[in-house]
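The values are calculated or read from the model by the stated rules, or taken from the named source; none is laboratory data. Because the structure is a prediction, the values reported are computed rather than measured. With ideal geometry, Cβ positions are generated from the backbone for all residues, glycine too; neighbour counts draw on all protein chains shown. What goes into the accessible areas is simple: the full protein's heavy atoms, side chains included, and nothing from ligands, DNA or RNA. Shrake-Rupley method; radii C 1.70, N 1.55, O 1.52, S 1.80 Å.
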Amino acid sequence: MEPKVSVILPVYNVGKYLRQCMDSIVGQTLQEIEVICIDDGSADDSPQILQAYAKKDPRIRVVCQQNQGAGAARNRGLSMARGEYLSFLDSDDFFETNMLEKAYQKAKEAKAQLLVFRSDQYHEDQDEFVKVNWTLRKGEIPPYRPMSHRTFTGNVFKVFVGWAWDKLFERSFILEHGLEFQEQRTSNDLLFVFSALVLAKRVEILDEVLAHQRRNNKESLSNTRERSWQCFYEALQALKGNLERFGLYRELEQDYINYALHFSLWNLNTITGAKKETLFERLKEEWFEALGICGKEEGYFYNKKEYEEFLEIMS
Amino acid sequence: MAKVSIIIPTYNVEMYLEECMESVVNQTLKDIEIICINDGSTDGSLSILKRYEKQDPRIILVDKENGGYGIGMNIGLEKATGEYIGIVEPDDFVSLNMYEDLYNKAEAYGLDFVKADFYRFKREETGDMSLVYNHLSKDPEDYHKVFDPSANPQTLRYIMNTWSGIYKRSFLEEYHIRHNETPGASFQDNGFWFQTFIFGKKAMILDHPYYWNRRDNPNSSVHNPQKVYCMNVEYDHIRDILMEHPGLWERFKGMYWFKKYNNYLGTVKRVGHEYKREYVKRFGAEFKRGLEKGELDHSLFTEASWNRIQLIARDPDAYYQLYVLSPVKVVRLEAKVVKLEKKIGKLELKAGKLETKAAKLDKKVKSLEQKNRSLGKQLKHIRGSLSYRIGRALTYIPRKIKQLLFGR
């Protein structure tokens, strides 16, 4: 019998957190699951930890690959998955034990192709859970169903976040459209998530905190963006390509360009080190133009502050 | 092949069904098929239909589990084999010559669809009937001529209904025009109607009422407060269809928002008080988004409506306070504003006239001044001329004497 959910977990040098993560997966109250762990060439004891779990639990499969990044690892997992729904988790986060049960139940009930649930942040340094509202903006979600991107009343790309771990994806829907993760170091899930979002005819939400995202983790990818500072731009360009292919670019152009500005500024403002200057110059000289941000009137932008920031960079 | 297939989607209408069926089976156009879809009625509707089915071989009865209006209608459309399709709601009825007249028109002009004016009626408890004649268009010029709705979005201003006309079946098939099938939803005739206009190339409207639309059935979805967001679902569906076809959305988006506005206003009135506030909030959020994306066409709305849209988009709570909680006052104020605007208009007209008058006078003054100047020049010229000076010299003495005698 096919599992209800396939959990796909790329693992890379997270020995420190992996047990907490794995415990919260194998302990899920929804038991009809499979867990596909892809070790992405870890140099620490991550593969050994995974093997130990696999020995105890027949639902777990472990694959090892040379380091190719989480995007490639997720695609590998995707190709192996047999579940009705797909859950792509991150190995430094941890989850409520009923996360998959609740999410799956809601998704089934709504025949959802994409389900998004709420999450919060775990700030490790302060040992604190912090609420976040921007991962699921309720005000822009219709009070009726069916719900698709066209029924949102705000920028389609800002109603949810372009990461995969707080979502369930119907596998047949993903296969029907041949969606894949982008194989790059960071921002590799944006293309996959937003493509699914604009293609899904039935999107559903579950407004309950079911997952905890670990923050302030020095080894986490978002802290090493200095080495992959151009990935976000590749992700934006790939998304544009997909929107065009789906015949949705014209309809979503304004949302896309606004999001491209937002995401560029976020990357610029959060990157540290020597690459900040490089990124600043590249945005100014090349990328803002290439992303279609230049030459638009003020009224085109939903967020005046971001527009002013853009003008300042260009001046 | 029957000339017209008449589809009757039926759900719990035992009180009215016989009146409806009598008007259909006795049509003067005999070459028809009558497709009755019983959508899981829980009253005596099915047995009434069965009785008619036995008596009239032209009747096709489909009995199905309850699934909603759209699904039932689509089954009827799939079963139909006639040249044209007509739709009769089972609590309404039709004039006996309706399908003969409409068929003849459609055939004579090769129409995709033809529609006629209609009555809305209520039956009082005394048995008296109150009738209101509904014109599809306010402009008499629009009638009895072939028009192309696909090229004229403004024709979507004609009153929305799907049942006062007939549609060529090959036209419906070419564009696969069907109803939305979302279960439990209502108002699924809106999407069908919208499609007939965006795809239709040859159509006509007639200023003769053939269809009698009942307005006193308490079970009608028009009166159902539970179905709060059905109109939104239907308009989402319509947008999906427009966006499937390149160019259609661009051409029709203005009218889409115009129709949506009027239907949402109707919904605010229709739903129960406990839903109104939330509904207005969603109403505002949708229109705010439409404004941001530049999809609304200002020129289609009256100034009063446009101002309302601005308010509901910017501040739905204020709109709710003003138009939902104290609508009478506001309507009075709005009427006053309209009156004052009219007055201002008249005064402006008057001012304009006065200005032209002033301009004319100004011109006259200028030309007189010019004349005056040229006369002055002439005078100077005369004074400087030799004959003038000689004349003066000759008349010097007599003038002096005259001065001495009479003074100056």
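Of note:
- Hits in the range A:42-100 (condition: in contact with a Lys or Arg (Cβ under 7 Å, 6 or more places away or on another chain) and not aliphatic (A, V, I, L, M)): A:Gln65, A:Gly69, A:Gly83, A:Glu84, A:Tyr85, A:Phe88, A:Asp92, A:Asp93
- Matching residues, the range A:1-56, being outside any helix (DSSP H, G or I) and among the aromatic types (Phe, Trp, Tyr): A:Tyr12
- The condition (being under 17 Å from A:Ile8 (Cα atoms), of a type in the set (A, V, I, L, M) and modelled with pLDDT of 95 or more) is satisfied by just one residue among A:Leu206, A:Leu179, A:Leu197: A:Leu179.
- Within the range B:231-273, the set of residues being within 18 Å of B:Ala185 (Cβ to Cβ) and either of a type in the set (A, V, I, L, M) or in contact with a Gly (Cβ under 8 Å, 6 or more places away or on another chain) (or both) comprises B:Met231, B:Val233, B:Glu234, B:His237, B:Ile238, B:Ile241, B:Val271.
- Scanning the range B:1-49 for residues that are hydrophobic (A, V, I, L, M, F, W, C), open to solvent by less than 10 Å² (accessible area, probe 1.4 Å) and assigned to a helix (DSSP H, G or I) turns up B:Leu17, B:Cys20, B:Met21, B:Val24, B:Leu49.
- If you go through the range B:97-129 and keep only what is modelled with pLDDT under 95, assigned to a strand (DSSP E or B) and of a type in the set (D, E, K, R), you end up with B:Lys122, B:Arg123.
- Residues within the range A:133-143 that are open to solvent by 20 Å² or more (accessible area, probe 1.4 Å) and either away from chain B (no Cβ under 14 Å) or charged (D, E, K, R) (or both), tallied: 5
- Among the residues listed as A:Leu210, A:Leu168, A:Leu199, A:Leu206, the single one being more than 19 Å from A:Asn267 (Cα to Cα) and within 14 Å of chain B (Cβ to nearest Cβ): A:Leu199
- Filtered residue count, the range B:164-187, keeping only those that are away from chain A (no Cβ under 14 Å) and crowded, with 20+ Cβ neighbours inside 10 Å: 9
- Conditions (1) within 12 Å of chain A (Cβ to nearest Cβ); (2) outside any loop (DSSP other than H, G, I, E, B); number of the one not met by B:Asn213: (1)
- Some residue of the range A:179-188 being more than 14 Å from every other protein chain (Cβ to nearest Cβ), of a type in the set (D, E, K, R) and under 29 Å from A:Glu281 (Cα atoms): yes
Yes/no per residue for (1) in contact with a helix residue (DSSP H, G or I) (Cβ under 6 Å, 6 or more places away or on another chain); (2) surrounded by fewer than 22 Cβ atoms within 10 Å (Cβ to Cβ); (3) small (Gly, Ala, Ser); (4) not assigned by TED's automatic domain parsing to the domain that holds B:Val13:
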position	(1), (2), (3), (4)
B:Asn66	no, yes, no, no
B:Ile87	no, no, no, no
B:Phe93	yes, no, no, no
B:Met98	no, no, no, no
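- Test set (1) more than 14 Å from chain B (Cβ to nearest Cβ); (2) open to solvent by 10 Å² or more (accessible area, probe 1.4 Å); (3) in contact (Cβ under 8 Å) with a residue 40 or more places away in the chain; (4) under 19 Å from the mean Cα position of the chain (by Cα) - A:Lys275 fails condition number: (4)
Table: residues versus (1) of a type outside the set (D, E, K, R); (2) touching a residue at least 60 places away in the same chain (Cβ under 8 Å); (3) within 14 Å of chain A (Cβ to nearest Cβ); (4) surrounded by fewer than 17 Cβ atoms within 10 Å (Cβ to Cβ).
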{"residue": "B:Gly254", "(1), (2), (3), (4)": "yes, yes, no, no"}
{"residue": "B:Phe258", "(1), (2), (3), (4)": "yes, yes, no, no"}
{"residue": "B:Leu265", "(1), (2), (3), (4)": "yes, no, no, yes"}
{"residue": "B:Val268", "(1), (2), (3), (4)": "yes, no, no, no"}
{"residue": "B:Glu274", "(1), (2), (3), (4)": "no, no, yes, yes"}
{"residue": "B:Leu291", "(1), (2), (3), (4)": "yes, no, yes, yes"}
{"residue": "B:Gly294", "(1), (2), (3), (4)": "yes, no, yes, yes"}
{"residue": "B:Leu300", "(1), (2), (3), (4)": "yes, no, no, no"}
{"residue": "B:Asn307", "(1), (2), (3), (4)": "yes, no, no, yes"}
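- Of the residues examined, A:Glu306 is not one that is open to solvent by 60 Å² or more (accessible area, probe 1.4 Å) and either in a helix (DSSP H, G or I) or assigned by TED's automatic domain parsing to the domain that holds A:Gly71 (or both).
- For the range B:75-84, the criterion of being free of Cβ contacts under 8 Å to residues at least 24 places away in the same chain, touching a strand residue (DSSP E or B) at 6+ places or on another chain (Cβ under 7 Å) and not in a strand (DSSP E or B) is met by no residue.
- Test: residue in the range B:130-150 that is closer than 20 Å to B:Lys253 by Cα, open to solvent by 10 Å² or more (accessible area, probe 1.4 Å), assigned to a loop (DSSP other than H, G, I, E, B) and within 14 Å of chain A (Cβ to nearest Cβ): no
- When the criteria are applied in full, A:Arg118 fails the requirement of being farther than 19 Å from A:Glu2 by Cα and either assigned to a loop (DSSP other than H, G, I, E, B) or within 14 Å of chain B (Cβ to nearest Cβ) (or both).
For (1) open to solvent by less than 10 Å² (accessible area, probe 1.4 Å); (2) in contact (Cβ under 8 Å) with a residue 24 or more places away in the chain; (3) not in a helix (DSSP H, G or I), each residue gets a yes or a no:
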{"residue": "A:Glu101", "(1), (2), (3)": "no, yes, no"}
{"residue": "A:Ala107", "(1), (2), (3)": "yes, yes, no"}
{"residue": "A:Arg145", "(1), (2), (3)": "no, yes, yes"}
{"residue": "A:Arg150", "(1), (2), (3)": "no, no, no"}
{"residue": "A:Thr153", "(1), (2), (3)": "no, no, yes"}
{"residue": "A:Ala164", "(1), (2), (3)": "yes, yes, yes"}
{"residue": "A:Phe169", "(1), (2), (3)": "yes, yes, yes"}
{"residue": "A:Leu175", "(1), (2), (3)": "no, no, no"}
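- Residues located in the range A:186-214, provided they are among the charged types (D, E, K, R) and surrounded by 19 or more Cβ atoms within 10 Å (Cβ to Cβ): A:Asp189, A:Glu204, A:Arg214
- Taking the criterion of being without any contact (Cβ under 8 Å) to a residue 40 or more places away in the chain, farther than 18 Å from B:Phe287 by Cβ and not in a strand (DSSP E or B), the residues of the range A:127-143 that qualify are A:Asp127, A:Val132, A:Asn133, A:Trp134, A:Thr135, A:Arg137.
- Those helices (runs of 4 or more DSSP H) lying entirely in the range B:252-323 with at least 1 residues under 22 Å from the mean Cα position of the chain (by Cα): B:273-292, B:303-314
- Filter result for the condition that a residue is touching a residue at least 40 places away in the same chain (Cβ under 8 Å), of a type in the set (Lys, Arg) and touching a Gly at 6+ places or on another chain (Cβ under 7 Å), over B:Lys115, B:Lys105, B:Lys122: B:Lys115
- Top-ranked residue in the range A:86-99 [being over 23 Å from A:Leu199 (Cα atoms) and touching a Leu at 6+ places or on another chain (Cβ under 7 Å); ranked as surrounded by the fewest Cβ atoms within 10 Å (Cβ to Cβ)]: A:Glu96
- None of B:Leu405, B:Leu347 is in a helix (DSSP H, G or I) and surrounded by fewer than 10 Cβ atoms within 10 Å (Cβ to Cβ) except B:Leu405.
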